[in-house]
Amino acid sequence: MIRDSRIWNSVIIGKPVIESIDVDINSQSLRVQVDMISILPDSMHKALDGRRQITIWGKDLMLAGFPDELVTTSHFRQFEINESRKSRAREFFQSRLLSFTVEAVKKDTQRVYFNGKNVAFHDTPPTFNPYTSQFTPIPMIAKDVPAERVQRILYERLPSIDFLSYQYPEDPPLILGYRNHFFGCKSGWLGELRQHWRIYCPEGEEVTCVPDEIPESQMLKRGNLAFLLDEDLNEISNHLLYGEPFPANQFINRFSASSLAPLTPAPRAQFVKFPTIESVLKVESILAPLLVGQEMIRPPKEQVSEEKTFKVRAFEAQEVVDNGEQTFINDLNQVALSNQLVYDMEDLVNFHIAIKTGALVVLAGMSGVGKSQLVINYARALGLSGVDEAGEERKQFLFIPVRPPWNDDADLIGFYDAVHKIYRPAETGLVDLLIEASKEDNIDKLYLICFDEMNLARVEHYFSQFLSILELSEDRYLTLYSEKLAPEVYNRHEYSPRVPIGNNVFFVGTVNIDESSFQFSDKVLDRANVINLKIYESLRAWKSVFEERAAEKPSDEGAQLSPVPGKVFASWCNNSPTEIGLTDDEIDFLDELNLALRKIDKNRVVGYRIIRQIGSYLKNIPCNVEGQGFLDRGKAFDLQLVQRIMTKFKGPECDLEQLFGKYRDREQAISPILKLFEKYHTVSTFSNSRDVCHKKAKELLDHGYAS
């Protein structure tokens, strides 16, 4: 049943009905009817009620690259221009097929309209028969995915993020493609679909393999999907049915990088395992011997001993496998681009790590830089908003605009009405979402709550309960009313006295720093990662990056995101309680910083909670399949110093001058904290921290106070 609208993420192949090309009288928009000639999800098939034809409108055709000219209804050459437009469209679509997703829109109580969206054009294959040909989608695993990981997908039932674009939930794919080969088994793949397809052979059977000998012109490709004509698919299936078994060890020998790449002199080692953090985090060129001719050159002993401080003991050796986090970060970037938003990749990674490791993340900065939009797009990338496969709205993301009059948590969560003996939840919807998130059926679902303009009211007042609850790692409960009152509360079965807050719920706030808002107290800053989004130095630079990124066509998978399960998200997090996650040099730096702070105020030192959370942040820097961090460790430590520690440095010059100094120009910069940065240059360049120090020193000189 279609309520107001419904979007299917499944990509469909269609054949334009040339005779149907026309111009709508009211909107003057071109439109074309399209016959769907590939398999449909059952839910779409039922909604269509036997129909196989949908409409694609001129706007969607133009977005896909079709050249069209719009005219107004008052144009004196309207009929002549429209005939020209239709003629051009007939010629264009005569030799083309289309791929698209389907949207159902209910505009009145009687009729549902089915329209094609996210359109792409394809040349018609040479053997295509317009009357009988049908296409079947086949997932194609990207060539750059390591063979070791693909081997685990095919032989060990590892869920695959590469099947995100295969949005046909009823049946697993018939065959799979990888590096110019097709894979199958005699009875066909079995599979389970949760967040990602988990494909495997029936018990007692083995994987078979045949080379891909189908010409490129015979198949239609879109993202990681290849659409094969049924006659080609049948031929491949027959070969796989009678093919010889393809054992796992043979798969690795055939498709591993060493067997595919030609040998070259002195190749650089390709690691598929992390070194233990007992090995070096520095670049190979620093610690590893270098060959020059036949001589071996090593770095000086002093340098080696210095670099040994970069050993990290937090991780054991483990295989580097893309567990979906790398794809998620790329999806987040693509979702933002599809909404014409350009963020620095460092900001996206920084925000993602903060979400993984912090009880509360706060996005700060001037109005209009995209703080609220970043949270909204993060929720989209996680698949927490939009509609699900059944057409129901996903309600895993809550956006709460904070109001200036809020004085206590009753404005946020509601109150007990003693007169009518009933609990009245606030209209924010927060309590209802927390109750929904705590249900047993939803433990594996993620929930994101955003408090927009969080500091329009005093956070310490309306958010007081949460500030105490969120520092706990377990047994987190929000109190709605006293348990002693429970027997007399009429709706106690719907709203119990205490609501659990699980680890599947994340809290984010956005703040503007201006005269209309309140500053955060240390109680809030102790619990929050306060992130300032980057602002381009010039509008020309911003315009250049915006146009460059906006011109890139977002990946097909970006528009086909399903919810990330809680277990998958948890696998991205390293919450080992046995290691702090900081190196000896990083600990020494924080010790000396505390020593300098004690001279100002013995109560202003960096507390153990913040130190643990900085270590947790550094342990959770995501890596790609090559084992390279998305964020340099030194840069990450610098960001944490700014986001967790330097936000608390505010006060008069009598307190802060001895730490930051007072100067106007950077050339004159000299202060104890800058000397500390120089001393520990091997830990980080501290570029962001230096900027903050220069800003505070100038504020002390100009105003006698640093904010």
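The values are calculated or read from the model by the stated rules, or taken from the named source; none is laboratory data. Model, not experiment: these values are computed from the prediction. Backbone-built Cβ (ideal geometry, glycine too); neighbour counts: all protein chains shown.
Assorted remarks:
- Filter result for LYS648 (over 33 Å from the mean Cα position of the chain (by Cα), touching a residue at least 60 places away in the same chain (Cβ under 8 Å) and outside the structural domain of GLU148 (by TED's automatic domain parsing)): no
- Of the residues contained in the range 637-656, none is found to be more than 24 Å from ILE600 (Cβ to Cβ) and crowded, with 19+ Cβ neighbours inside 10 Å.
- Subset of the range 186-241 (residues that are of a type outside the set (Val, Ile, Thr), at pLDDT below 85 and not in a loop (DSSP other than H, G, I, E, B)): LEU190, GLY191, GLU192, LEU193, TRP197, ARG198, TYR200, LEU241
- You will find that of ASN624, ASN620, the residue that is of a type outside the set (A, V, I, L, M) and under 20 Å from VAL530 (Cβ atoms) is ASN620 and no other.
- Test: residue in the range 141-155 that is modelled with pLDDT under 90, closer than 22 Å to VAL11 by Cα and in a strand (DSSP E or B): yes
- Residue satisfying all of: in the range 494-539; of a type in the set (Val, Ile, Thr) and surrounded by fewer than 18 Cβ atoms within 10 Å (Cβ to Cβ); modelled with the lowest pLDDT among these: ILE513
- For LEU341, the conditions (1) touching a helix residue (DSSP H, G or I) at 6+ places or on another chain (Cβ under 7 Å); (2) modelled with pLDDT of 85 or more all hold with the exception of (2).
- Test for ALA120: is it small (Gly, Ala, Ser) and either without any contact (Cβ under 8 Å) to a residue 12 or more places away in the chain or farther than 28 Å from CYS209 by Cα (or both): yes
- Residue that is surrounded by the fewest Cβ atoms within 10 Å (Cβ to Cβ), among those in the range 208-250 that are over 13 Å from THR127 (Cβ atoms) and touching a Pro at 6+ places or on another chain (Cβ under 7 Å): THR208
- For the range 213-231, a residue qualifies if it is on the phi < 0 side of the Ramachandran plot and within 33 Å of the chain's Cα centre (by Cα), and the qualifying residues are GLU216, MET219, LEU220, LYS221, ARG222, ASN224, LEU225, ALA226, PHE227, LEU228.
- Evaluation of LYS635 against the conditions (1) among the basic types (Lys, Arg); (2) under 30 Å from HIS703 (Cα atoms); (3) in a helix (DSSP H, G or I) shows that the sole unmet condition is (2).
- Any hit, the range 112-126, residues being out of contact with any helix residue (DSSP H, G or I) (no Cβ under 7 Å at 6 or more places or on another chain), over 18 Å from ASP35 (Cα atoms), surrounded by fewer than 21 Cβ atoms within 10 Å (Cβ to Cβ) and not assigned by TED's automatic domain parsing to the domain that holds GLN218: no
- The set of residues from the range 548-587 being outside any loop (DSSP other than H, G, I, E, B) and at pLDDT below 75 comprises GLU548, ARG549, ALA550, ALA551, ASP556, GLU557, GLY558, ALA559.
- Residue check for LEU478: of a type outside the set (Gly, Ala, Ser), assigned to a helix (DSSP H, G or I), touching a residue at least 60 places away in the same chain (Cβ under 8 Å) and surrounded by 15 or more Cβ atoms within 10 Å (Cβ to Cβ): no
- Filter result (closer than 15 Å to GLY629 by Cα and more than 11 Å from the chain's Cα centre (by Cα)) within the range 343-352: MET345, GLU346, ASP347, ASN350
- Top-ranked residue of the range 647-673 - restricted to ones that are touching a Ser or Thr at 6+ places or on another chain (Cβ under 9 Å) and assigned to a helix (DSSP H, G or I), ranked as nearest to ILE587 (Cα to Cα): ILE673
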